[in-house]
Amino acid sequence: MTLFEQHGYHGVSVNEIVKACGTSKGGFYHHFSSKDELLFVIHDYFISYVLTNAQEAISESTHPAEKMQKIIQSFVKVFDLYQPHISVFYQESIYLKPPYVEAILKKRKLYKEIIFSVIEEGIEKGVFRSELPVEITGMSILGMVNWSYKWYKRDGGMTIDEIGDIYIDLILHALLKDK
């Protein structure tokens, strides 16, 4: 991870990865078919985290606002837990081969659909404002939170939980009918 952060995807060879990890080329290729697969796995760690947590929020909560709160909490937390993964992925994702891009897009689409479904449910139950278009609202939430990777610093003025609380406050105050 650190090698990709420092030198970029094309600036690092499999030999350098193997050396930094203290393994062998055989060990590397036992776990990954290529450097491309490693880049895919880097993304898969953090998208799987948010996807799993969003699915848990859906199954564990009955109220749309509670579901949204839990989804946003885990979404924001990913930028602290997987900060190097996210930085490397966004800087280097243009180099992914089509099968990996397709797998990533499938999970991203599923995550987006979860966000949209919670908004739709909130509107249907009369909890969220009906005049807000679901797609624009959902994409706004995704865009706002995703942009955190550009500016969030662990040693910044606020913890990731404090930042998460601000996002939840902003999002729920925008969505809720009765404030």
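The values are calculated or read from the model by the stated rules, or taken from the named source; none is laboratory data. In this text, all values refer to a predicted model and were calculated from it rather than measured experimentally. Reconstructed Cβ throughout: ideal geometry from the backbone, glycine too, with neighbour counts over all protein chains shown. The area values use the complete protein model at the heavy-atom level, side chains included, leaving out ligands, DNA and RNA. Shrake-Rupley method; radii C 1.70, N 1.55, O 1.52, S 1.80 Å.
What is the sum of charges around LEU39, taking Lys and Arg as +1, Asp and Glu as -1, for the other residues whose C-beta is under 12 Å from the C-beta of LEU39?
Neighbourhood net charge equals -2.
Determine the order of MET144, MET68, MET139 by accessible area, beginning with the largest, at a probe radius of 1.4 Å.
Descending order: MET139, MET144, MET68.
Could you tell me how far the Cα centroid of segment 135-179 sits from the Cα centroid of segment 29-83, in Å?
Here the two parts' Cα centres lie 16 Å apart.
If you take percent of Cα pairs over 22 Å apart from the coordinates, which of [x] 42; [y] 58; [z] 51 do you get?
Label of the calculated value: [z].
Quick one: dipole size for segment 39-126, taken about the Cα centre, charges +1 on Lys/Arg Cβ and -1 on Asp/Glu Cβ, in debye to the nearest 20.
It works out to roughly 200 debye.
Just name one of THR62, PHE116, VAL88: the one whose Cα is farthest towards the positive end of the charge dipole of segment 1-139 (beta-carbon charges, Lys/Arg +1, Asp/Glu -1).
Among THR62, PHE116, VAL88, the one farthest towards the positive end of the dipole of segment 1-139 is VAL88.
Please state the shape class of segment 71-112: rounded when a/c is under 1.5, otherwise prolate if a/b exceeds b/c and oblate if not, all from the C-alpha gyration tensor.
Oblate.
With a/c under 1.5 counting as rounded, go ahead and sort segment 48-152 into rounded, prolate or oblate using the C-alpha gyration tensor (a ≥ b ≥ c being the square roots of the eigenvalues; past the cut-off, prolate if a/b is larger than b/c, else oblate).
prolate
Would you tally the net charge around VAL50, using a Cβ to Cβ cut-off of less than 12 Å, leaving VAL50 out, and scoring K and R as +1, D and E as -1?
Here the charged neighbours net out to +3.
What accessible area per residue comes out for the chain, rounded to a whole number of Å², with a 1.4 Å probe?
On the way: 9890 Å² over 179 residues.
Normalised by residue count, the accessible surface of the chain is 55 Å².
Would you rank ARG154, ARG108 by solvent-accessible area, highest first, keeping every protein chain in place and using a 1.4 Å probe?
Reading off the accessible areas and sorting them downward yields ARG154, ARG108.
So what does VAL127 come to for accessible area, using a 1.4 Å probe and Å² rounded to 10?
30 Å²
Name the long-range amide H neighbours of PHE128: under 5 Å, sequence gap of 5 or more, or other chain; modelled H, no Pro or chain starts.
ILE123, LYS177
Taking the Cβ of LYS106 as the centre, find all other residues whose Cβ is under 13 Å away and add up their charges (Lys, Arg: +1; Asp, Glu: -1).
+1
Which shape class applies to segment 90-155: rounded if a/c is under 1.5, otherwise prolate when a/b exceeds b/c and oblate if not, where a ≥ b ≥ c are the square roots of the Cα gyration tensor eigenvalues?
Here segment 90-155 falls in the oblate category.
Work out, step by step, the length gained on full extension between SER59 and HIS173: first 0.36 nm times the residue separation, then minus their alpha carbon distance; give nm to one decimal.
38.7 nm
Give the residue list of chymotrypsin sites (Phe, Trp or Tyr not before Pro) in segment 112-179 that are DSSP loop and have at most 16 other beta-carbon atoms within 10 angstrom.
Passing sites in segment 112-179 are TRP147, TYR152.
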